[in-house]
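Derivation of every value follows stated rules applied to the coordinates shown; laboratory data play no part. Keep in mind the model is a prediction, meaning the values are calculated, not measured. Here Cβ is always computed from backbone atoms with ideal geometry, including for glycine, and neighbour counts include all displayed protein chains.
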Amino acid sequence: MADERVVSIKPEQIEQYHGELREKQETLSRNDLLTDTTEQRAVERMFENAIQACADLARHIASHDFDFEGNTSKGAIRVFGDEGDIDEQTMNTLVAAVGFRNVLAHEYGRVDYSEVYETLQSGLKIYDTYSQQVAQWIRNNP
């Protein structure tokens, strides 16, 4: 059974990081992100934190409630998606987000800040969707 503390703290963290990203979404111009290294690093870190919190929550639930014994965030998200109340689109988007986080965190290739800006402008809804679906799963699995 998932630890209540983890399933309460991680959604709070997701919301915090999501809020920070929304603020950047509203105030940061494309040009500023493309040219300002400090802004680039800040937005990268915000995405890393938000995605990692989503993955941590999925790993915790998948391992405690669905006997997931794997060691990948993508695998845990897939298990939680297949077994929990996470829909396929949310699951696939989060799996892709983990790949995006890996590029940002581990510099697998060159970071395309145009892509980062587009994700900032159009890809934040996933955090609300995921949080809502996790909350539904928690309500269904007291």
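Here is how the numbers come out for the structure above:
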| item | result |
| --- | --- |
| Cα Rg, Dmax (largest Cα-Cα span) when computed across the chain, Å | 15.3, 48 |
| Backbone HN-Hα couplings from phi across the range 92-101 [Karplus 6.51/-1.76/1.60, Hz, Gly and Pro as x] | 5, 5, 5, 4, 5, 4, 4, x, 4, 4 |
| Which of His60, His106, His18 has the fewest Cβ neighbours within 10 Å, and the rest in rising order | His106, His60, His18 |
| Simple label model, 7 Å out from Cα along Cβ direction - Asn140 to Glu118, nm | 3.3 nm |
| Dipole-positive endmost among Gln133, Gly84, Gln16 within the chain (Cβ charges, Cα centre) | Gln16 |
| Residues Thr129 and Val6, FRET efficiency given R0 of 30 Å [Cβ-Cβ distance, rounded to 0.05] | 0.90 |
| Where labels lie 7 Å past Cα in the beta-carbon direction, separation of Thr38 and Asn102 in nm | 3.3 nm |
| Footprinting exposure proxy for Ile14, Ile77 (fewest neighbouring C-beta atoms within 10 Å first) | Ile14, Ile77 |
| Estimated FRET transfer efficiency (Gln25, Asn92; beta-carbon r; R0 25 Å; 0.05) | 0.65 |
